[in-house]
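Chemist: I'd like to ask you about the structure that follows.
The values are calculated or read from the model by the stated rules, or taken from the named source; none is laboratory data. Owing to the predicted nature of the structure, the values given are computational and were not obtained by experimental measurement. Virtual Cβ from ideal backbone geometry, glycine too; neighbours counted across all protein chains shown. Accessible surface is based on the protein model in full, side chains and every heavy atom, while ligands, DNA and RNA are left aside. Shrake-Rupley method; radii C 1.70, N 1.55, O 1.52, S 1.80 Å.
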Amino acid sequence: MTNFLSPGDQGYDTGRTGYNLAVDHKPEVVVPAASVDDVVAAIRYATTRGLGVAVQATGHGPSRSADGSVLINTSRMDGITIDPVARTARVEAGVRGSALVRAAAEHGLAPLNGSSPEVGVVSYHLGGGIGMLGRSLGWAVDHVRALEVVTADGVLRRASATEETELFWALRGGGKGTLGVVVAIEIDLHPVARLYGGGMHFAATDAERVLTTWAEWARTAPESMGSSVLLIRMPDLPVLPDALRGRYVVHLRFAFTGSAEEGTRLVRPFRDLVGGGRPMSDTVVEMPYSAVGSIHAEPTTPVPFHARNTMLASLDAAAVAELLRHAGPDADAPHLVELRLMGGALARPGAVPSALARRDGAFVLYAGATAEPERVPAVHAAYDRLFTAMAPWSTGGACVNFLSGPDVTAAQLATAYLPADVDRLAAVKRAVDPGDVFRTHHGRADRPGAM
Ligand SMILES: Cc1cc2nc3c(=O)[nH]c(=O)nc-3n(C[C@H](O)[C@H](O)[C@H](O)COP(=O)(O)OP(=O)(O)OC[C@H]3O[C@@H](n4cnc5c(N)ncnc54)[C@H](O)[C@@H]3O)c2cc1C
């Protein structure tokens, strides 16, 4: 029987709380769904009462707060079925990347997961999915074979390249919380059992040299090499080693599918940086793919965080200088900055067109900060300075998956799409959800169905 939890009921708080505490959902009802029937019952409960419906798997990428709505928590829908011969997986709505990576690895296979193993598989795919293998294998969304989705009318539909094709197009890139509850996703797996990968930390004094070398190196890095760089003042936490605790560091990350020998050659420029520039730590090794989450080693403790991003068309010397002016060791920025190397297969269209068609970024520039409400205005002011300064290198587009939290506007979200696709997405929304039942997304609350 479907559980409908109201404020004060056991499980209500657990069900509404996710990783990003900046979104403090106060839904009228939380439904901890364990099955498709529960999802259908939750939607029918909402529509008969005129309530909105929101979805949460892990809370890593929440949209608007689900206040007064029915919040479907999918974390109990944790089924994974692997077909090792077809190299596919059917993954239910509540599965995290780590569980899928583990299950696929038993067959020597890998999904196109992202940097954090804690992120939910379904929503990661719906937002495009910039994975650790993206430069060689493309956006995760291009490897979605089918989606099972319950729409606002309570009907379970299957969308694929041959069924509900317009819905299939829209869900892939434009389906986070807007068009229905995706109860399961069917995706390709890839024969990747190992990597040469890991991270290197550099001290603040080497920030300029490392970033300049990385920007130059990125121009010729092969597609089989994934890489990113994080500029961060580490928190002053006892769990961290003394060398990192409270210090500004540069964290370079690598995920290379070629041989360890070739990988060693490719990362040598960073190991050989002269003038005291050798890494403070170096964890780049031959590893099983199942250890992929250790490369970024992102924190897992829930925090209130606020983020912004844009795609950069290039990263020349002037861009590096500008970036360091706003996020370098002397900037005293209240946020971290991450650059992810795009290009390769991430710049090419998928075999089956999707709403995730804006692929003109050579890098994603992402800024994020943990901030209690009173510090949020200062974080936004710093973002305004950073993103204005970097505007000359921006494509003007953003990455859907990194647009989350209470600060995102419909206008920002629209930049993630090709202009014609914004209207097409709105048309699909009007067709499948004319009453805007799924209304807590970042689309225009004032114009139901519009982005
Ligand atoms: C630490 C960290 C690392 C990340 N790394 C990457 C990365 O490497 N690459 C990348 O591309 N992204 C990355 N992301 C972004 C992440 O992929 C998105 O925020 C994603 O939407 C999170 O999904 P979730 O289920 O974990 O979070 P949730 O907050 O539970 O879901 C996010 C939103 O998706 C929608 N949604 C959730 N489940 C469903 C469903 N079943 N049906 C329909 N809509 C649904 C809802 O609107 C929900 O608000 C990262 C985020 C974090 C916090």
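Chemist: Taking GluC sites (Glu not before Pro) as candidate sites, keep only those in a DSSP loop with at most 13 other Cβ atoms within 10 Å, then name the longest stretch of the chain containing none of them.
Modeler: The answer is 164-451.
Chemist: Shifting gears a bit: Could you compute the FRET efficiency for THR300 and ARG76, with r as their C-beta to C-beta distance and R0 at 22 Å, rounded to 0.05?
Modeler: 0.65
Chemist: Give the separation of the Cα centroids, region 139-172 to region 88-137, in Å.
Modeler: 18 Å
Chemist: I've got another one for you. Whenever you get a sec, compute what percent of the accessible area on region 392-444 sits on carbon and sulfur atoms (1.4 Å probe).
Modeler: 61 percent
Chemist: Next question. Which parts of region 99-124 would a label at LEU237 reach, counting a residue when its backbone N lies under 20 Å from a point 7 Å out along Cα-to-Cβ?
Modeler: 115-120, by backbone N distance to the label point.
Chemist: I need to check one value: relative contact order of region 105-209, counting alpha carbon pairs closer than 8 Å and at least 6 residues apart, in percent.
Modeler: 32 percent
Chemist: At 1.4 Å probe size, with the rest of the protein present, what percent of the exposed accessible area of region 300-355 is carbon and sulfur atoms?
Modeler: 57 percent
Chemist: Can you bin region 249-313 into rounded, prolate or oblate? Criterion: square roots of the alpha carbon gyration tensor eigenvalues sorted a ≥ b ≥ c, rounded for a/c under 1.5, prolate for a/b above b/c, oblate for the rest.
Modeler: prolate
Chemist: So if we plug the beta-carbon distance of GLU166 and ALA411 into 1/(1 + (r/R0)^6) with R0 = 22 Å, what FRET efficiency do we get, rounded to 0.05?
Modeler: 0.35
Chemist: Then there's this: Would region 194-412 count as rounded, prolate or oblate if I go by the C-alpha gyration tensor, calling it rounded below 1.5 in a/c and otherwise prolate when a/b exceeds b/c, oblate otherwise?
Modeler: rounded
Chemist: Something else: Before anything else, pin down the relative contact order of the chain: Cα pairs under 8 Å, at least 6 apart, normalised by residue count, whole percent.
Modeler: Once normalised by length, the contact order is 18 percent.
Chemist: I've got another one for you. Starting from the amide H of GLY128, placed 1.01 Å from N in the peptide plane, find each other amide H under 5 Å away whose residue is 5 or more places distant or on another chain.
Modeler: VAL141, GLY173
Chemist: Can I ask one more? Can you work out the accessible area per residue across the chain, with the rest of the protein chains kept in place, probe 1.4 Å, in square angstrom?
Modeler: Roughly 40 Å² per residue, with all protein chains present.
Chemist: So, one more: Relative to the present Cα-Cα distance, how much length would full extension add between LEU418 and SER281 at 0.36 nm per residue of separation?
Modeler: Net length gain for the segment: 45.2 nm.
Chemist: Heavy atoms only, probe 1.4 Å: what % of the accessible area of region 77-160 goes to carbon and sulfur, would you let me know?
Modeler: Ligands and nucleic acids excluded, carbon and sulfur reach 49 percent.
Chemist: Counting only complete DSSP H runs, which helices of the chain cover 18 Å or more along their long axis at the Cα atoms and score a mean Kyte-Doolittle of 0.0 or above?
Modeler: 36-49, 376-389, 419-432
Chemist: Indicate the gyration tensor shape class of region 29-78 (rounded, prolate or oblate), computed on the Cα atoms with a ≥ b ≥ c the square roots of the eigenvalues: a/c under 1.5 is rounded; otherwise a/b larger than b/c is prolate and the rest oblate.
Modeler: Cα axes put region 29-78 in the oblate bin.
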